[in-house]
Amino acid sequence: THNMYLSKSEIQHILGIKELKITPIKPEMFKASSYTFTNSTSLEIQPKQFIIIDSAEHIEFSKNIGGVLSTRGSIAKLGLDCLMTDTIIEPGSEGKLTFCTVNHSDKIVTLEAGTPIVKCLFYRIDL
């Protein structure tokens, strides 16, 4: 059988052979089938405010590795939607990730730099 998404060991393997680069990488951000990206700076997001958040991490995806993003549940519970636009990282992508975020709550939400905000499931395509 062929799984749609890569497991933690498969993600670590593609990191090892440089098909995927995440800098800086934090081992505690791995889950069974995902890696969690963090925000680069401390932020105070006003109620109903739209803001663009950059990831602390720089990524390099090879031409056969892609990703699917999801706002972490702990962040969604604060009223934030971090993925107002794309939820896909196309194969061959490079750079910091940009999260178009809106605070749907009636409260100010404060995020410290390095807060886990968006998780990524990785997939492989045939070339």
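Please work out which option in (1) 100; (2) 130; (3) 89 gives volume of the Cα convex hull per residue in Å³ calculated from these coordinates, and answer with its label.
(1)
Per residue, how much accessible surface does the chain expose to a 1.4 Å probe? Answer in Å², no decimals.
Per residue, the chain has an accessible area of 55 Å².
What are the equivalent ellipsoid semi-axes of region 13-65, built from the alpha-carbon gyration tensor (square roots of five times its eigenvalues), in whole angstrom, biggest first? Intermediate results must be reported in sequence, preceding the final value.
Working: eigenvalues 146, 31, 21 Å².
Over the Cα atoms of region 13-65, the ellipsoid semi-axes are 27, 12, 10 Å.
Go ahead and set up a Gaussian network model of the chain, Cα springs under 10 Å, then flag whichever of Glu28, Glu94, Glu60 fluctuates most.
Looking only at Glu28, Glu94, Glu60, the biggest GNM fluctuation is shown by Glu28.
Below 12 angstrom from the Cβ of Gly114, what's the summed charge of the other residues (Lys, Arg +1; Asp, Glu -1)?
Every neighbour counted, the sum reads -2.
Which value, in Å² and to the nearest 10, is the accessible area of Asp126 when all protein chains are kept and the probe is 1.4 Å?
About 150 Å², rounded to the nearest 10.
Considering only protein heavy atoms, with the full assembly of protein chains and a 1.4 angstrom probe, order His58, His13 by accessible area, largest first.
Greatest to least solvent exposure: His13, His58.
Roll a 1.4 angstrom probe over the protein heavy atoms and tell me the percent of accessible area of the chain that is carbon or sulfur.
53
Mind listing the phi-derived Karplus ³J(HN,Hα) values for region 32-42, rounded to whole Hz, using 6.51, -1.76 and 1.60 with θ = phi - 60°, and x for any glycine or proline?
Listing the rounded values in order: 4, 9, 8, 10, 9, 8, 10, 7, 7, 9, 5 Hz.
Suppose only helical runs count, i.e. DSSP H with n ≥ 4. What mean residue ellipticity at 222 nm does that imply for the chain under -39500 (n - 2.57) per run, divided by all residues and rounded to the nearest 500 deg cm²/dmol?
-2500 deg cm²/dmol
Please report the spacing between the Cα centers of region 90-104 and region 66-84 in Å, no decimals.
If you average the Cα positions of each part, the centres end up 11 Å apart.
The values are calculated or read from the model by the stated rules, or taken from the named source; none is laboratory data. Only a predicted model underlies this, so the values are computations on that prediction, with no experimental measurement involved. Here Cβ is always computed from backbone atoms with ideal geometry, including for glycine, and neighbour counts include all displayed protein chains. With ligands, DNA and RNA removed, areas are computed over all heavy atoms of the protein, side chains included. Shrake-Rupley method; radii C 1.70, N 1.55, O 1.52, S 1.80 Å.
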